[in-house]
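K.L.:
Structure in structure tokens, see below.
The values are calculated or read from the model by the stated rules, or taken from the named source; none is laboratory data. What you see is a predicted model; the values in this text were computed from it and never measured. Cβ: placed from backbone, ideal geometry, glycine included. Neighbour counts: every protein chain shown. Side chains are part of the model used for accessible areas, which takes the heavy atoms of the whole protein and leaves out ligands, DNA and RNA. Shrake-Rupley method; radii C 1.70, N 1.55, O 1.52, S 1.80 Å.
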Amino acid sequence: MSKKILVVEDEQILREIIKDYLLDAGYEVLEAADGRHALTLFQEHEVHLIILDIMLPELDGWSVCRRIRKASNTPIIMLTARSDEDDTLLGFELGADDYVTKPYSPRILLARAKRLLESRPAREHKNDTLSNGRISIHFPSRSVTVDGENCNLTHTEFEILACLMKNKGIIITREQLITKIWGYDFVGDNRTVNSHIRNLRSKLGEHAKSIVTVVRSGYKFEDQP
């Protein structure tokens, strides 16, 4: 079954360009020109990825992202014509997985979509499950449990946690995380990583202390007593 991507963009020409590239790559495409229609389509269909413009009629992209994140960890790529770093960080804090600033190459957008739709840790890890006793990752389903309870992580939060746990006790720099999670062509800075780590820690609750900040270096994962 081909993956289904929801494209939310109010500019019809741009939406059609994105759609054509995705269709040529073998994906199914749903289209929405405003935020409310996007939410309706998301509720009615099984969507594997969302490409979401910020400046939308009816309901803006921030609000759409916020509402989707309350119920789903479906990967989200935010699109914007604004290059303000604070906008980028807000998108990540709301749970977006990637962020592309207009104008951009549709081929680059397609590459980012493919990256988010791939389950790299599931292929790289020898076993189905990785556990430290309290936090467990099940790679085939891309699910995480904390003390036996499901922990609903976004695609990027899952990737970060998997990377840190697979390298337990080893310091992973922010630059290494950016390369591993977003790729060499990512345009961003260390605050991007900080935002996702902050979101991840909030979901891990009392076990957030397993993710240790190493000043001026990065992060590492440690078992807690």
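K.L.:
For N190, which of the numbered conditions (1) modelled with pLDDT under 90; (2) touching a Gly at 6+ places or on another chain (Cβ under 7 Å) fails to hold?
P.N.:
Of the numbered conditions (1) modelled with pLDDT under 90; (2) touching a Gly at 6+ places or on another chain (Cβ under 7 Å), the odd one out for N190 is (2).
K.L.:
Same structure, new question: With the requirement that a residue be over 19 Å from the mean Cα position of the chain (by Cα) and among the acidic types (D, E), what does region 12-59 give you?
P.N.:
Within region 12-59, E16, D20, D24, E28, E31, D34, E44, E58 qualify.
K.L.:
Quick one: which strands (runs of 3 or more DSSP E) sit completely within region 1-115 and have at least 3 residues that are touching a Cys at 6+ places or on another chain (Cβ under 9 Å) and of a type outside the set (S, T, Y)?
P.N.:
So the answer is none; nothing clears 3.
K.L.:
Hey, K126 hits all of (1) surrounded by fewer than 17 Cβ atoms within 10 Å (Cβ to Cβ); (2) at pLDDT below 85; (3) closer than 19 Å to K3 by Cβ but one; which does it fall short on?
P.N.:
That leaves (3) as the condition not met.
K.L.:
Still on this structure, I have one more. Can we say G133 is under 23 Å from I108 (Cβ atoms), assigned to a loop (DSSP other than H, G, I, E, B) and touching a residue at least 24 places away in the same chain (Cβ under 8 Å)? Lay out the reasoning, then the answer.
P.N.:
Details: under 23 Å from I108 (Cβ atoms): no; assigned to a loop (DSSP other than H, G, I, E, B): yes; touching a residue at least 24 places away in the same chain (Cβ under 8 Å): yes.
Here the answer is no, as G133 does not meet what is asked.
Quick grid of which residues meet (1) open to solvent by less than 20 Å² (accessible area, probe 1.4 Å); (2) within 25 Å of T88 (Cβ to Cβ); (3) in contact (Cβ under 8 Å) with a residue 60 or more places away in the chain; (4) in contact with a helix residue (DSSP H, G or I) (Cβ under 6 Å, 6 or more places away or on another chain):
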{"site": "I17", "(1), (2), (3), (4)": "no, yes, yes, yes"}
{"site": "A33", "(1), (2), (3), (4)": "no, yes, no, no"}
{"site": "H45", "(1), (2), (3), (4)": "no, no, no, no"}
{"site": "C65", "(1), (2), (3), (4)": "yes, yes, no, no"}
{"site": "A71", "(1), (2), (3), (4)": "no, yes, no, no"}
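K.L.:
Search region 98-114 for residues that are open to solvent by 40 Å² or more (accessible area, probe 1.4 Å) and pair each with any residue that is part of a loop (DSSP other than H, G, I, E, B) and not hydrophobic (A, V, I, L, M, F, W, C) when their beta-carbon atoms are under 6 Å apart and the residues are at least 6 apart or on different chains.
P.N.:
As it stands, the answer is T101/S83, since those pairs meet every condition given.
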